[in-house]
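Notes to accompany the following structure.
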Amino acid sequence: MDLPQYIGPYIAVAGIAVAISLGLLRITKIPAVVMISSALITALLFSLYARITLGYWDKFVAISFFSTAAYACAISFAMLGIGRLLRWPFFLDKKK
């Protein structure tokens, strides 16, 4: 099964968002901080990669940044929701 070439960036952004979310979840258990920070870091990395690849700042970089951040936030939100719904210990608050 061959995936179209435009699917690759979506898979890459989702993978980066999941990895960053897991790292931030290790540091803090606050879902809002994890989601927003993961989305912004993922969008920043994706924008920097595009800048390095193109060699200049595209005039639509702001649109790309915010759409990537929204997509990464949705991925992070879904991952946190599934983890808490299934009661995986990594996603739940530590009991005092």
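See the values below:
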read-out	value
Crossing angle, helix 8-27 versus the chain [Cα axis fit, 0-90 degrees, rounded to tens]	40
Relative packing of 64-75, 5-16, which averages over residues the other C-beta atoms within 10 Å, highest first	64-75, 5-16
Globularity ratio of the stretch 5-91, using Cα Rg and 2.2 N^0.38 Å	1.14
Sequence ranges 76-82, 25-31, ranked by mean other-Cβ count within 10 angstrom, highest first	76-82, 25-31
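Laboratory data are not the source of any read-out in this text; all were calculated from the coordinates shown. Treat the numbers as computed from the prediction; the structure is a model and nothing was measured. Cβ sites come from the backbone with ideal geometry, for glycine too, and all protein chains shown count toward neighbours.
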